[in-house]
Amino acid sequence: MKYLDYIVDALAREAAWRYQPRSEPASEPTALVALALAAYGRDADAERARAWLAAAQNADGSVGVRAADHTPGWPTPLALLAWTLHDSPKSLESPSASDSPDYADCCRRATQWMLATVGESSPRQEYTGHDTSLTGWPWVVGTHSWVEPTAMSLLALRAVGLGKHARAREAATLLQDRLLDRGGCNYGNTVVLDQQLLPHVQPTGLALLALSGKEPATPLVAAALDYLAAELGPMTTAASLAWGLLGLAAFDRWPDAADSWLSAAAARAKRRGASHEMALLALAGLKQRSPLVHLNRQIA
């Protein structure tokens, strides 16, 4: 598909990767670009992104939001994925997700930091809706567990062979617990002041991607899939569209019109110079062959 070629070429030409032009290079866009370029067989360009992440890694193993901003460390699982997933479409039939020798120490220290980082928990209270005793990952150390950092961390633990670790199992339980009866999930809570919160596309897509694998879909997962299938469309913003489609692809629910949505979103993201959006759209464009989808099918 032509739109995939031109956004991958645009990403490969960049000297550094940012949320928007003239802003500082940032860890999330760089990690997503590394994943996308490697997935399209552009490993020499992906290596530049992986090396930037390694240089930005803190002594404690975490990776901050930018090279000069050492905290918060929520991009760490994305960096870990970038250092471990090197599959391209030509090799996805027999993928691997092992540490590159050049980044083995980076992976070890990032994994140690992730395993030591926990969201704040408390005894479960009925009025909260979700189970506050479950531990996942926070956006900022010292705060409650949230859906997106927990989903990213679960994916990263699977990439380094820790998919059956106690932290990974609890993360999957937490993500299931945060799914809403009406379908989908919010960013963290399920109920506030006795009112069930509204679902949002991006956290729902990430949660479903992390919950995919070899186990049958639960009723809550099935409801979340139906929510995404009904909610995604040509007006969905780029990052939400990409994560939503990756969540659907992980359960073989690719919408018929998705390629046209991706093409239009890619053109908008390229005009804005949004590296993270272009990278996400490129990863989503691989559908079931995306390394983030294939990871769970092979390792979950």
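The values are calculated or read from the model by the stated rules, or taken from the named source; none is laboratory data. Since the structure is predicted, the reported quantities are computational estimates derived from the model, not experimental observations. All Cβ positions, even for glycine, are placed from backbone atoms using ideal geometry, and neighbour counts span all protein chains on display. Side chains included, ligands, DNA and RNA excluded: accessible areas come from the protein's heavy atoms. Shrake-Rupley method; radii C 1.70, N 1.55, O 1.52, S 1.80 Å.
List of remarks:
- Residues of region 47-66 satisfying the condition of being assigned to a helix (DSSP H, G or I) and either buried (at least 24 other Cβ atoms within 10 Å of the Cβ) or basic (Lys, Arg) (or both): 48, 49, 50, 53
- Checked against (1) in contact (Cβ under 8 Å) with a residue 40 or more places away in the chain; (2) out of contact with any Asp or Glu (no Cβ under 8 Å at 6 or more places or on another chain); (3) part of a helix (DSSP H, G or I); (4) more than 23 Å from residue 82 (Cβ to Cβ), residue 220 meets all criteria but (2).
- Of residues in region 191-206 being out of contact with any Ser or Thr (no Cβ under 8 Å at 6 or more places or on another chain) and either touching a residue at least 60 places away in the same chain (Cβ under 8 Å) or within 19 Å of residue 281 (Cβ to Cβ) (or both), the one surrounded by the fewest Cβ atoms within 10 Å (Cβ to Cβ): 194
- Scanning region 37-71 for residues that are touching a helix residue (DSSP H, G or I) at 6+ places or on another chain (Cβ under 8 Å), within 15 Å of residue 16 (Cβ to Cβ) and of a type in the set (Gly, Ala, Ser) returns 46, 49, 54, 56, 67.
- All conditions in (1) of a type outside the set (D, E, K, R); (2) open to solvent by less than 40 Å² (accessible area, probe 1.4 Å); (3) in contact with a Pro (Cβ under 7 Å, 6 or more places away or on another chain) hold for residue 241, with the sole exception of (3).
- Counted residues, region 128-177 - those being charged (D, E, K, R), in contact with an Asp or Glu (Cβ under 9 Å, 6 or more places away or on another chain) and assigned to a loop (DSSP other than H, G, I, E, B): 1
- Check on residue 21, of a type outside the set (Phe, Trp, Tyr), touching a residue at least 12 places away in the same chain (Cβ under 8 Å) and in a loop (DSSP other than H, G, I, E, B): yes
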